[in-house]
1. Only one of 521, 543 is under 31 Å from the mean Cα position of the chain (by Cα), modelled with pLDDT of 90 or more and not in a loop (DSSP other than H, G, I, E, B); which?
2. On the given criteria, is residue 374 under 22 Å from residue 460 (Cα atoms), in a loop (DSSP other than H, G, I, E, B), at pLDDT below 95 and outside the structural domain of residue 301 (by TED's automatic domain parsing)?
3. Quick check: anything in region 507-515 surrounded by fewer than 17 Cβ atoms within 10 Å (Cβ to Cβ) and either within 26 Å of residue 381 (Cβ to Cβ) or under 40 Å from the mean Cα position of the chain (by Cα) (or both)?
4. Considering only residues that are assigned to a loop (DSSP other than H, G, I, E, B) and surrounded by 18 or more Cβ atoms within 10 Å (Cβ to Cβ), which ones fall in region 448-466?
5. Pick from region 576-596 the residues that are within 15 Å of residue 197 (Cα to Cα) and buried (at least 22 other Cβ atoms within 10 Å of the Cβ): which of them is modelled with the lowest pLDDT?
6. Restricting to region 149-177, and then to whatever is closer than 17 Å to residue 279 by Cβ and touching a helix residue (DSSP H, G or I) at 6+ places or on another chain (Cβ under 8 Å), can you tell me which residue is surrounded by the fewest Cβ atoms within 10 Å (Cβ to Cβ)?
7. Among the residues of region 519-540, write down those that are surrounded by fewer than 17 Cβ atoms within 10 Å (Cβ to Cβ) and under 18 Å from residue 469 (Cβ atoms).
8. Hey, residue 143 hits all of (1) closer than 30 Å to residue 435 by Cα; (2) modelled with pLDDT under 90 but one; which does it fall short on?
């Protein structure tokens, strides 16, 4: 398939126009330039305005914005420039058809330069269609392009995909009933594919000041976790388009506290090409419904395999500051903080209604805010410590500031915090944990005004006294309060406490508890293989790979080509047996099972034992046509 642009008429002379793409009719098209950041304020410089550059030996060393240049005392070092939207931009690449000699943008032709062979002729889509219609050639029935559907499946991707399919069918039925039509008369969602494209074992090193803050090695120096990248694709006019991406960190049952059995939703990103572009039965955009269901499906899977909690930092990206997918459509609005919080709140309401989330809270309220029912000491060591989360970086800055602080305001501030700490001290161990308590209050001051941005989701029941998840054995639920559970040990302590201190501590009338037998939670390893990838293991690697290769998503035609190239890199490195990098020129593929691809080494070792169906090696002469599908 080629891009669905308006086809241009043949040139009057019968010869192709050498300056115009014969697919889209456009001439020179510029890519979006990579953003320039101000070296002083670190903000993105306006791409169409003026800026200043420090040049050394003919090389641009640093750029600063006009505002910072106005305040600079070293103006003489900088040269004035303007409009880097054009000066820094690269033009889209061209390819010539060896038969009709017409020139086309590689993006319009969905041409893959990575598999192009100079010794093999390139035939454009127009010529192929003419030859097919004249009977000169027979195009293959099965596509030679490996799409999203052919990527390896995992238990996680199957769970999300199957759940999404059921939910979409139910939503379509609701729309049909609301409009008084049969279900076939209302548009459905087609061509969706969910895949885990990276599942890499990682170790998070605790930052030095925070690690050393806790004496005698009482805090772990590192946390092992699994980083996963999950992508959503949709067929658009026969071509895959990547619509949605998410990166998560999974701290399993083998990770030390406080991260044990915890999930961190690190990044999500999307581009606005979902089809059909209509509202769901509930009135929200149908694409929002789909993205919510993917996230709920992921949380549901985590809950089933033994994870107990999930944290989210609802931090919106700024304009042109991409999280995962490079270059968003100019028509796509970036949500502000309040809109993003509302988006997550609607997601959480659905997850609570479906029974996936047991309780919703904020990190601040759950870990840093004293309550009448909480018996455990409040400590900075209790918060889940995740890669690139807000509070670990803030804690490190606070500790650095504490080491360097020589201000005269230091003593009054400590005195004020001491009074607050004494008020909140529950176990009389203020002297032993003074530094920790002071750090907690300073963190609380930083997080309090924006606490709604730091979301804490309980996937399993937590004990209200010790704040620990109830992973097995007996638990006790209050017969009067909603979501008030105690572990067996805390319930025993509750019974031995003076009557006035029992639940609820604020009233004379005490509540009864009912015993519940808890099924032991499974180990969090679901058996899905580790899938490491050079380009997709971290969102920074993925984003940089897209930036370096101009895989942009600002227009649909570019999104199609960028997705095609992303899929090429994914297929080029995914053996279904060993999950190691694979050269697809020598790959062995099952013609029955989508996504069953084996490297030549595995086939030479195990042969037909690899798979229940017959395997066929890639026909290398087909590969030059790879980009024409």
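1. The match here is 543.
2. yes
3. So far as region 507-515 goes, yes, one or more of its residues are surrounded by fewer than 17 Cβ atoms within 10 Å (Cβ to Cβ) and either within 26 Å of residue 381 (Cβ to Cβ) or under 40 Å from the mean Cα position of the chain (by Cα) (or both).
4. Answer for region 448-466, where residues must be assigned to a loop (DSSP other than H, G, I, E, B) and surrounded by 18 or more Cβ atoms within 10 Å (Cβ to Cβ): 459, 460, 461, 464, 465.
5. Applying the filter and picking the extreme gives 582.
6. 173
7. Correct list: 519, 520, 522, 523, 525.
8. In the conditions (1) closer than 30 Å to residue 435 by Cα; (2) modelled with pLDDT under 90, residue 143 misses (1) alone.
The values are calculated or read from the model by the stated rules, or taken from the named source; none is laboratory data. Being a predicted model, the structure only gives us computed values, none of them experimental. Note that each Cβ is placed from the backbone with ideal geometry, even for glycine, and that neighbours are counted across all protein chains shown.
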